[in-house]
Amino acid sequence: MRTKHCSESTSTQHKESIHFLTMMDNVSLITVFVLSGLNETKNHRVALFSLTLLCYCFIVLVNVSLIVTIILDKNLHEPMYILLCTFCMNGLYGTTGFFPKFLWDLLSPVHVISYSGCLVQALVMYSFACSDLSILAVMAYDRYVAICRPLEYHSIMSRPRLFLLVCFSCLTPFCIIGTNIILTSRLKLCSPFIARLFCVNWIIVKLACFPADTLVNNIVAYMTIIIYVFHGLFITWSYMYLIKTCVNSIENRAKFMQTCVPHLVSLLTFLVTILFDIMQIRYGSKDLPGTFQNFIAIEFLIIPPMMNPLIYGFKLTKIRNRIRGVLTFKNK
């Protein structure tokens with residue numbers, strides 16, 4: 001009983017010391033944030049650490065395998081496979097922004113992150129998700145051109161244009177989210193406690209001292225949402241034309257099943273995981289177990305990066321044959 005009391009006392013003193021260090025003369029000088037999302041997992045940290053490490057290693061393995069396969073095989077240096085390679089690289093980028101810090105927190109008695117580190121992590125999380133949607137939109141355009149306008153495919157999806165599309169899908173989200181993060185960094189904050197496993201931009205904004213000028217933050221945030229809603233509408237438009245073109249052609253239906261189905265599965269996986277998180281944020285009950293809330297919060301960092309390489313690796317014939325050739329030591 002005394003040990004428990006001492007532990008709670010130490011925890012309280014730690015929180016008070018952080019609060020004292022971050023607040024002076026009613027002006028926010030926060031230099032560290034406390035991540036309180038791990039409080040529910042104190043009794044299972046070793047098991048959770050082992051499972052998380054295994055999961056992260058598997059994500060790295062399958063993504064790196066697909067990336068290396070595409071880079072080394074010149075027969076795969078086509079727009080569809082280059083975009084897939086970019087897709088897997090983005091998956092590694094997003095998971096690297098979360099898993100190493102999370103694994104460290106599982107072994108650490110204090111779950112803190114520096115102010116600048118928190119902003120960087122929020123930038124990585126958001127830009128990863130937005131880049132995923134941008135790449136999916138470019139991949140939908142690539143499939144639309146390949147099936148609906150096959151004679152013009154090589155002229156439309158030329159190397160310079162492909163390079164521009166890849167840059168658009170990676171750099172534009174980074175710049176847009178970077179703008180949101182810069183606007184967040186100017187706010188004066190009155191609390192260092194984040195009730196999540198990782199830093200989230202909208203939570204940091206909610207920590208702003210009242211009254212705070214968050215109007216510009218909100219306007220830019222809504223503009224960002226509108227931009228990526230248009231991404232979704234563009235993907236819908238592309239598939240309307242794809243389905244219309246494929247209905248009356250056996251050859252096009254075969255192409256659709258071979259190359260578009262993996263893309264649709266990846267898109268649906270991404271949308272479902274993101275929507276679950278948004279629904280939990282907006283309408284979720286606080287009475288739900290913390291472990292369940294944590295899983296919903298991080299599933300977009302686990303399921304899509306893990307499933308996408310497997311879906312494409314098994315479904316796309318060229319990649320499947322190449323991987324099979326490597327595994328059987330045959331040079332195909």
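The values are calculated or read from the model by the stated rules, or taken from the named source; none is laboratory data. The model shown is predicted, which means the values in this text are computed figures rather than measured ones. Methodologically, a virtual Cβ is constructed for each residue, glycine included, from the backbone with ideal geometry; neighbour enumeration extends over all protein chains shown. The protein model used for the area step is the full one, side chains on, heavy atoms only, and it has no ligands, DNA or RNA in it. Shrake-Rupley method; radii C 1.70, N 1.55, O 1.52, S 1.80 Å.
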Give me, ordered by chain and number, the residues 5 or more places off LEU189 or on other chains with an amide H under 5 Å from its own placed amide H.
SER28, ILE30, CYS209
Using only Cα atoms, what is the ratio of the radius of gyration of segment 140-227 to 2.2 N^0.38 Å?
1.62
Can you tell me the Rg and the Dmax, both Å, for the Cα atoms in segment 50-112?
15.0, 50
Tell me the per residue accessible area of segment 28-167 using a 1.4 Å probe; a whole number in Å² is fine.
45 Å²
Would you work out the relative contact order for segment 41-199, in percent, from Cα pairs under 8 angstrom that are 6 or more residues apart?
27 percent
Mean projection of the alpha-carbon convex hull of segment 112-154 over all orientations, in nm²?
3.7 nm²
Counting other C-beta atoms within 10 Å, and keeping those with at most 10, which DSSP coil chymotrypsin sites (Phe, Trp or Tyr not before Pro) do you find in segment 55-125?
none
Where N is the number of residues in segment 84-139, Cα Rg divided by 2.2 N^0.38 Å:
1.32
Karplus 3J(HN,Hα) series, Hz, for segment 70-82 with 6.51 cos²θ - 1.76 cosθ + 1.60 (x for Gly, Pro)
5, 5, 7, 9, 5, 5, 9, 7, 10, x, 4, 6, 5
Hull volume per residue for segment 196-278, using the convex hull of the C-alpha atoms, in Å³ is 100 Å³
Give the Rg/Rh ratio for segment 92-197, taking Rg as the radius of gyration of the Cα atoms and Rh as the Kirkwood radius, to two decimals.
1.15
Sorted largest first, extent of segment 24-170 alpha carbons per principal axis (Å):
66, 41, 23
In whole Hz and in residue order, list the ³J(HN,Hα) couplings for segment 120-137 that follow from phi through the Karplus curve 6.51 cos²θ - 1.76 cosθ + 1.60, θ = phi - 60°; x for Gly and Pro.
5, 5, 4, 4, 5, 4, 6, 5, 4, 5, 5, 5, 4, 5, 5, 5, 4, 5
Any chance you could look up the accessible area of PHE49 with a 1.4 Å probe, heavy atoms only, rounded to 10 Å²?
50 Å²
